Amino acid sequence: MTLEPNGGGLVPGKFLTASDLGGEAATAPRAEFKTVLLDQSGAPVVPNGSLGHRFTPEDEGSWNLDLGDVTPPLSLADLADTNESVEVLLPRFDLPPEAGSEHAGGSGVVVRGVPVRRVAGKLVTTVFDLLLAQYGVARAGLPGEWPSGYDDPTTPGTPAWQEEITSVPAEQAARLGREFADNAERSGGRSMILMGAGTNHWFHSDTIYRTFLALTTMTGCQGVNGGGWAHYVGQEKVRPLTGYSQYATAADWIRPPRQNIGTAFWYLATDQWRYDGLPADQLASPLARGVFQDRTTADCLVESVKRGWMPAHPTFSRNPLDLCDEAEAAGKEPAQHVVDSLTDGSLSYAVEDPDAPENFPRVIDIWRANVLGSSGKGNEYFLKHLLGTESAVRASETPEDARPRDIRWRDDAPIGKLDLLMTADFRMTSTTLFSDLVLPAATWYEKYDLSSTDMHPFIHSFSPAINPPWQTRTDFDIFGSLAERFSQLARTHLGVRRDIVAAPLQHDTADVMATPHGVPRDDLPLIPGQTMAKLIVVERDYPNLAEQWKALGPLTAKLGMTTKAVTYRPDVEIERLARLNGTVASGPFAGSVRLDSDKRACELILAFSGTSNGRLAVQGFRELEKRTGQRLAHLAEDHEGAHITFSDVQVQPRSVITSPEWSGSEHGGRRYTAFAINVEHLKPWHTLTGRQHFYLDHDWMEDLGENLPTFRPPLDMHRLFGDGRPGTTRRIGGPYAAQQTEVTVRYLTPHSKWSIHSEYQDNLFMLSLSRGGPTIWMSAEDARKVDVRDNDWIEAYNRNGVVVARAIVSHRMPEGTVFMYHAKDRTVDVPIAETSGQRGGIHNSLTRILLKPSHLIGGYAQLAWAFNYLGPTGNQRDEITTIRRRSQEVEY
Amino acid sequence: MRVMAQMSMIMNLDKCIGCHTCSVTCKQAWTNRTGVEYVWFNNVETRPGVGYPRGYEDQEKWGGGWVRTKRGRLKLRSGGRLAKLSRIFSNPKLPGIHDYYEPWTYDYDMLINAPRTAHTPVARPKSLLTGEDMKISWSANWDDNLGGSLETMQDDPILTKMSEEVQAEFEKAFMFYLPRICEHCLNPSCVASCPSGAMYKREEDGIVLVDQDQCRGWRMCVSGCPYKKVYFNHRTGKAEKCTFCYPRIEVGLPTVCSETCVGRLRYLGLVLYDADRVSEAASVEDDKALLQAQRDIILDPHDPAVIEGARAGGIPEDWIEAAQRSPIWKLMQYEVALPLHPEYRTMPMVWYIPPLSPVVDVVTGSGNDGEDARTLFAAIDKLRIPIGYLAELFTAGDVAPVDASLRRLAAMRSYMRGVSIDDVRDERIANAVGMTGTEIEEMYRLLAIAKYEERYVIPSAHTEQAHALEEMACSLDFEGGPGMGGAGPFGSSSGPSVPVAVENFHILADRQTADRPSTPGRVNLLNWDGNGDADGLFPPTGMTEVRTPGKPGKRKEDG
Ligand code: SF4
Ligand code: SF4
C-alpha cells in the first residue's frame, strides 16, 4: 500500500501496482490493475492472479494464485532491514459530536504507526500493517497512540473499547475471539459466522460484512467446509445459473437485458428523495478530500448512473425507441446520437428529473411479490406518490437549502404517478389489495417449475398435485397469455423497433477496469463503456414477441452463454433439446427449439447449466484452466456424461454437479462451501488483487473513511432528521390520561420465526398460535414508562408514518428497543390510527429508503454492478419510533 | 410378570425450536373441524409459561390424575366414580373455553367485497363461537417466547412453587419449548374417570382411545386427565383426544407430529413392561420414587425371561425384535430421558430429554467454555434454578435424575468435541458419568445423527390381530366406504362404525363443500383439496355449483 500526505499527516492511499514500478512492469498490459507485493528481500513482485491478468490475452494462464517460491511478508516488520516507521491517520466514528457542530456527527482521527519502506520512490507499507494499526494491535517501536492492553477503553479497537458500545463484556469478547481463532487453528478452519438478516439491514451493513470477512479470512476459515461465513439472507443461489439467466433475460433473443437497481428505482418513483436530503458529507471521514462536499446521497446516485456504475431505468429523459428514430433521421448511429445529445444538453438522464411526467413509471406488473406489504421500505411514500391513495406520510419535504444539487425540484410533488398496477398472486396481500388488476396465480402445487437454494446443493422440481383451480393459471401461462395479447396489439401500435439499452459497467467483464486506481475522473469525454454506460442497440420484434417467447432464439448458439466471464457453448445441448422438446413447426421461427410449456422451459434451464449438465461444467472448467493455468476440470469430469433432466428431478431432488458457475465443490460427494475452488485450486477471487480484500482503495471509500473495515454506529436519526432521541420520554397529556407520556425507541423489524416475509404467518392456524394480528414487542421498562400493559393497543409513529398494533410486553426485550416483526400484512386486524385518522400501517410504514454512497460505486474491480450481487441495499434498522398508548376502543 | 408392549415417544428438548409445525400438521390431520376449533392434540408451549390450557398443571385447581391414600392405594384426585356422578351436571373442575382460548376467524370477505369506503379495507377478528366482533386476548400459544411474561409468568404453576427472586432471575436466564401430546399413560386416569367405559387403552400397543359410540359426553376424562389432553367436541358432544396417529402406526408409519418435526427430535418405538406391577409402581409412597418405580417396570427386551413372557403374552416375534431395537428403550437405558410429571401417578409414556442448552448458555454468557466437561459439570451443580424447574417438570422435584441426565449430555458434548477437534477419545469424561466412550458415541449417534429408520422403529400391526385393530379389519369395500356415500340414518353419529381412513375420505370430500362460513363469504381454502367447488369464492351468477356427494360417516376409534 502506498501512503499519501493528507491532513497534515500520512494516510493509506492506493494499492501499489505494476504501473508504479516503471520499466518493463509498467508497460505490461493493464499494469494499473496488477497489484504488487514484496518478497522476503523487500523487492517488489508482481504476482499472478490480479485483475490485470484476468482479461488480457498476454496473461492467459497466469490468472491464478500461485506465488511460486515467493513468500510475501505479512508485515514489513518481518523484513530484517525495515528500519523506518511513520504515523498514519485513521478515521474513527465512535466519538460523540462536538458541542456546537452536532450536525457534523461524531468522528475523529486516531494516529498510529506502521513500518514503512520505499519502493519505486513511494512510501509503502502492507495491508496487514494497516490492519494492525486499525485494530490497535500494539507492536514495539511503532509511534502513535496505542492501547495499554485489552482493558484500555480509551482508544479504538480493544475489547474494553467495544464494551462501551455494545455492552458485551470485554472479557467475553476477548474469550470469543480467542476461541474462534483457537478452534479455527485446531480444526483447520472450521470456525463459522452464521448470520441472519439482522446485520445486512443496517445502513452501514457493508462495514459489518467486511468485518466478518476479515475475521473469517484472518483465521483461515474461508473455503473450508464447516468454516467461513454462512450468510443466510437474500443471496438465493440459483444453482442452474447459466440456463436460468438465458431464459430469464431472454438472452437467446436479445442482449443485453434491461435491468435496474430496485432500491434506487423505488426511491425515486415513490418520491422518497424529496424528504430525504441525507447530506453525503455528513457520512464522510474527517480526512475526506471533498468527494461528497455539499452533496446529498441522492446526488451520489445521479453521479453513479451518469458514470455507468449502476443501471437506471427509465434511463434518459426521452423514450429510447424514439432516440433510435431520431438517430436514424439524423443519419447517425444511435449511440453517437445519445452521446452528442448528452454532451450538448439536449438529452438528460431521468434520474435528474424523476418528477417529470415523462419519467414516471406508468404501469407496474408484479409477479408474486409483496412490495406494499413486505419488502418496500417507506410504505406510506409508495401509497402517496406512486399510488395516490390514503397515506400517512408525516415528514415535510426537504427545505430548499438541503435539497439535492443535481436533481430538478418541482414544487408540486406528483401524487399517484402510476396508471396501472397489476399483480399475479395466489394470496390476498397488501399489494393485491391495492392493485387495479389481480391475476389469480397457481401455487407451487399446481404447476411445473424448478427450485434451488443456497441452503443445500439440490435441484428440486415442482410438479402439480392438482391442476390450477378455478380461474387461476400458472405464471408460465400468465406470461404466455400476456405475450400473445401484447403481440397482437403490437402489430398496430408498435411494430418492429430499434431500442437503445444503457448497460452498466458490468461485474466479471473488462468493464471493471474503467477506473484505474479507483479514481473517477471528470476530465474525460463521454465514452460509452468507459466513462458512461455502454450504449447497445437492439431490435425489438414486438409483433413476434409471443412467438419468440415460445422458441429458443439464435443468440445462444451464435454467442454462447457467459456466466462470470466463462463462456459456454451448448451446441450439443441445443441439438439434444431439439429432440427432447421438439421444434417449432411453422411461422417465422420454424425449426427453433420449442419452449412453449413450463416443462420445456425447465428442460432448457437444466440443459444449459453446468450444475445440471456435466458436459458444460467440464467445458467451462477447461476454459477456466486456460485462463488460470490450474487444473480444474477434474472437479466435474466424473460427471461429464451426466445430464439432469426434468423427469430426473421429478423422481427425486438431484445433487448438483461442481461447476465454474459457483465457487464451491461437490466433488466426491462433498457438501458445497463457498470459495473451496479458490482456496484449494488457486483460482483467484474476482477482485482487484484476486485475493480477499481487507482494503478498498476507491476514492469514495477513502472519503467515507472506510478503506478498512471500521466501526460505524447506526445513523443518528435525531441529528440528521430531527426525529426523537432514543431513550427519551415526552409528556403529552391527552385524552386518556393527564399524565400520558410517549417514549422514543429504536425500531427493528426482524424476520419472524413463523413466516417467509408476509407468507405463512397469516394462515388462520398460525394466527391462532400467536396473537392473531400485528404486534410490537417492547420491554417491561419502556412499557412502564408509557403505561402500557401486555396486549394494549398502541400507536408507533415517526416521520414516515404510523402503525397501530397490540403490545407484547416481555422481559426478553431490552429497554430502548422495540420489534415489529417484518411483513405483517395490512389485511387482518389493522384498525384506524388515531395519529393519522387513517388505516394503521405495516412495519414498513415507519421505514424508508436510505442510500449509502459506497453501495453505488461501480466500474472498478469487485466494486462493479452485478445483478443480485452488488448494488444499494434496502436498509431499515437505523430507524427509531415514538410509542404511545392509544384509546383501547379501536375502530376499523 | 405379564409382558405387554407400549408404543412410546421421547422428545429431545434441546432441539425443539418452537416452530409449531407439529401442532399445525396435527391439527390439519385431526382437528380441523367444527366443534374442535380450539383443540390442539399436539401443542408446543414456551416454558416458563402457563401452557395450554392455561395453568393445566395446577392439580389443586383441576384435580387431575391420581393421589395416594393413607392406606397406600390410588384414588382419582377428583374423587371416585360416585363423587363424580354427583357432579355430572356441574363439573367445576372442567376448564372453560377461556382457559383454552376463544377461537376466532376474520371477516375475510371485506378484503374482496368491501363497499366503497374512505379507508383501505381490512378483515377484523370474529369469534368462531358467537360470530361477533372480538378483541383477541388469548390464544393457543399466547405467551410464546415469554411474550406477556409480566402478566402471565406468575401463573406458571411450576414457578409459583419457587421464590419470587428465583422467578425474576429465571425469566431472564432460561427459556425452552415443551411440545406435548397425550402421554398414553400406563395407568391412565382418563380411562378410570369415564363413567361410560368409553375410554380404553389398547392391549396391543397401549394407545389410549375414546370409543365414540360409547362416549356420553360426561367429560369426566377431561377433568381426570392431569395433562388436559382429552378435549370436548362441542358439536358432537363427545370427547376426543390424541390418537397417537394409530392408523399410521398400524402400518409402520410415524405419527404426523413426528414425521413433520423440523428439529427431528422425536423418537418412536416400543417398550415392554410388566403390566402386573403397574399399580404397585404407581402407588409408591414417595413422589420422588415414582420415576425409579416406573423405570423398574420397563422390561429389558433382551432378557430371555422377558422374551419368554412376551411370547407367552402373544406378542409377535417381530414386535419383540422391534422392542430390542427401540430407540425409546435405548434412551431410557442411558437414563437421559425423563417422564413429564410422574407425580400425577398416571405413568406417562411420552418422555423428554431435558434441555442442556440453557445451562450452556449461562456458562458461555459468563465467559466460560460451554463445551468443557468440568466447567459444565460445575455449572450443573451450581445452576440450581433451571435445574430445580426441570426437576419440578420431570422428576417430582428430585434434582438428582435431572442432574444425571444433564451430566451425561454435557459429557457427550465435550467427549465428542475431543473426537472431532483433537481426535482424542477421553474415556475419563465418559467414566465421570458412568459410561464408556463407546456408549457415549452410540448415544451421540442416536441423539445427533440418527436417520429416520433409527428414530422411528415401528413394527406394523399383524393381520392376525386385525379383529382388534379396527383400521386393518376393514377394506375399502366396507359399507359406507368410498363410493357408498351417506351417513347413518340419524346423522353423523348413527349407523355402523366407520374406519378412520374411510371416514377421513368422507370428511375431506365434505369439508370442501359443506364448511359453513362463520362470516359470509369466508372460504376455508385450507380444507380444500382442489376438487369440487367451495362456497363463496365467486359470486353465484353464471357459476354452476358442483357438489361432491360425500357425507361424513360415523366416527369410531375403537376396535
Ligand atoms: S395423558 Fe392421555 S392417557 Fe394420560 S390421562 Fe391424559 S388423556 Fe389419559
Ligand atoms: S415440529 Fe419439532 S421442533 Fe417444531 S415445535 Fe414441534 S417438536 Fe418442536
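The values are calculated or read from the model by the stated rules, or taken from the named source; none is laboratory data. No experiment lies behind these values; they were computed from the predicted model shown. Glycine gets a Cβ as well: all are built from the backbone with ideal geometry, and neighbour counts include every protein chain shown. Accessible surface areas use protein heavy atoms only, side chains included; no ligands, DNA or RNA. Shrake-Rupley method; radii C 1.70, N 1.55, O 1.52, S 1.80 Å.
Data for the structure
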item	result
Residues within the range A:268-279 that are aliphatic (A, V, I, L, M) and at pLDDT below 95, tallied	1
Residue selected from the range B:158-188 under the condition in a helix (DSSP H, G or I) and either within 16 Å of ligand 1 (Cβ to nearest atom) or open to solvent by less than 10 Å² (accessible area, probe 1.4 Å) (or both), by the criterion modelled with the lowest pLDDT	B:Phe170
Filter pass, B:Thr31 being surrounded by 19 or more Cβ atoms within 10 Å (Cβ to Cβ) and either within 22 Å of B:Thr105 (Cβ to Cβ) or more than 14 Å from ligand 2 (Cβ to nearest atom) (or both)	yes
Extreme residue, farthest from B:Glu45 (Cα to Cα), among residues of the range A:738-793 that are surrounded by fewer than 23 Cβ atoms within 10 Å (Cβ to Cβ), more than 30 Å from the chain's Cα centre (by Cα) and basic (Lys, Arg)	A:Lys785
Search result, residues across the range B:89-114 that are of a type in the set (Val, Ile, Thr) and within 13 Å of chain A (Cβ to nearest Cβ)	B:Thr105, B:Ile112
Matching residues in the range B:216-257 - criterion: being more than 16 Å from ligand 2 (Cβ to nearest atom), of a type in the set (Lys, Arg) and assigned to a loop (DSSP other than H, G, I, E, B)	B:Arg216, B:Arg219, B:Lys228, B:Arg235
Filter pass, B:Asp318 being of a type in the set (Asp, Glu), in contact (Cβ under 8 Å) with a residue 60 or more places away in the chain and over 24 Å from B:Arg68 (Cβ atoms)	yes
Pairs with Cβ under 6 Å, 6+ apart, first in the range B:174-189 and touching a residue at least 60 places away in the same chain (Cβ under 8 Å), second of a type in the set (Asp, Glu)	B:Leu178/B:Glu45
Check on B:Thr236, buried (at least 22 other Cβ atoms within 10 Å of the Cβ) and β-branched (Val, Ile, Thr)	no
Search result, residues across the range A:755-783 that are more than 9 Å from every other protein chain (Cβ to nearest Cβ) and of a type outside the set (Val, Ile, Thr)	A:Ser755, A:His757, A:Ser758, A:Glu759, A:Tyr760, A:Gln761, A:Asp762, A:Pro774, A:Met778, A:Ser779, A:Glu781, A:Asp782
Qualifying positions in the range A:120-131 - under 16 Å from A:Leu10 (Cα atoms) and crowded, with 17+ Cβ neighbours inside 10 Å	A:Lys122, A:Leu123, A:Val124, A:Thr125, A:Thr126, A:Val127, A:Asp129, A:Leu130, A:Leu131
Residue count for the range A:713-758, restricted to those that are under 30 Å from B:Gly18 (Cα atoms), in contact with a Gly (Cβ under 9 Å, 6 or more places away or on another chain) and not in a loop (DSSP other than H, G, I, E, B)	3
Which listed residue is modelled with pLDDT of 95 or more, in a helix (DSSP H, G or I) and more than 16 Å from ligand 2 (Cβ to nearest atom), from B:Val284, B:Val271, B:Val278	B:Val278
Selection from the range A:26-52 of residues that are more than 35 Å from the chain's Cα centre (by Cα) and either open to solvent by less than 30 Å² (accessible area, probe 1.4 Å) or on the phi > 0 side of the Ramachandran plot (or both)	A:Gly42
First in the range A:852-874 and open to solvent by 20 Å² or more (accessible area, probe 1.4 Å), second anywhere and at pLDDT 95 or above and of a type in the set (Lys, Arg), Cβ under 9 Å, 6 or more apart	A:Thr873/A:Lys852; A:Gly874/A:Lys377
Hits in the range B:241-271 (condition: within 22 Å of B:Val36 (Cα to Cα) and within 16 Å of ligand 1 (Cβ to nearest atom))	B:Lys241, B:Cys242, B:Thr243, B:Phe244, B:Cys245, B:Tyr246, B:Thr255, B:Cys257
When residues of the range A:806-835 are limited to those that are more than 7 Å from every other protein chain (Cβ to nearest Cβ) and over 31 Å from the mean Cα position of the chain (by Cα), the one most open to solvent (accessible area, probe 1.4 Å)	A:Glu815
Residue list for the range B:272-290, restricted to those being open to solvent by less than 10 Å² (accessible area, probe 1.4 Å) and away from ligand 1 (no atom under 16 Å from the Cβ)	B:Leu272, B:Asp274
Filtered residue count, the range B:394-404, keeping only those that are under 22 Å from the mean Cα position of the chain (by Cα) and in a helix (DSSP H, G or I)	2
Within the range A:437-509, strands (runs of 3 or more DSSP E) holding 1 or more residues that are surrounded by fewer than 16 Cβ atoms within 10 Å (Cβ to Cβ) and within 30 Å of the chain's Cα centre (by Cα)	A:449-451, A:458-462
Exclusive hit being of a type outside the set (Asp, Glu) and surrounded by fewer than 18 Cβ atoms within 10 Å (Cβ to Cβ), set A:Ala298, A:Ala230, A:Ala288	A:Ala230
Test result for A:Pro516, surrounded by fewer than 18 Cβ atoms within 10 Å (Cβ to Cβ), in contact with an Asp or Glu (Cβ under 6 Å, 6 or more places away or on another chain) and more than 14 Å from every other protein chain (Cβ to nearest Cβ)	yes
Yes/no for A:Val116 being open to solvent by 20 Å² or more (accessible area, probe 1.4 Å), modelled with pLDDT of 95 or more and part of a strand (DSSP E or B)	no
Residues (open to solvent by 60 Å² or more (accessible area, probe 1.4 Å) and in a helix (DSSP H, G or I)) located in the range B:439-462	B:Glu439, B:Glu442, B:Tyr444, B:Arg445, B:Ile449, B:Tyr452, B:Glu453, B:Glu454
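So that you can scan it fast, the table gives a plain yes or no per residue for (1) farther than 22 Å from B:Cys242 by Cβ; (2) open to solvent by less than 30 Å² (accessible area, probe 1.4 Å); (3) over 23 Å from the mean Cα position of the chain (by Cα):
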residue	(1), (2), (3)
B:Ile315	yes, yes, yes
B:Pro327	no, yes, no
B:Glu335	yes, no, no
B:Leu338	no, yes, no
B:Asn368	yes, no, yes
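Okay, residues lined up against (1) open to solvent by less than 40 Å² (accessible area, probe 1.4 Å); (2) hydrophobic (A, V, I, L, M, F, W, C); (3) more than 30 Å from A:Arg540 (Cβ to Cβ):
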residue	(1), (2), (3)
A:Pro240	yes, no, no
A:Gly243	yes, no, no
A:Ala251	yes, yes, no
A:Arg255	no, no, no
A:Ile261	yes, yes, no
A:Ala264	yes, yes, no
A:Leu268	yes, yes, no
A:Phe292	yes, yes, yes
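A quick yes/no check of all residues on (1) assigned to a loop (DSSP other than H, G, I, E, B); (2) in contact (Cβ under 8 Å) with a residue 60 or more places away in the chain:
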position	(1), (2)
A:Arg258	yes, yes
A:Asp294	yes, yes
A:Pro314	yes, no
A:Cys324	no, yes
A:His337	no, no
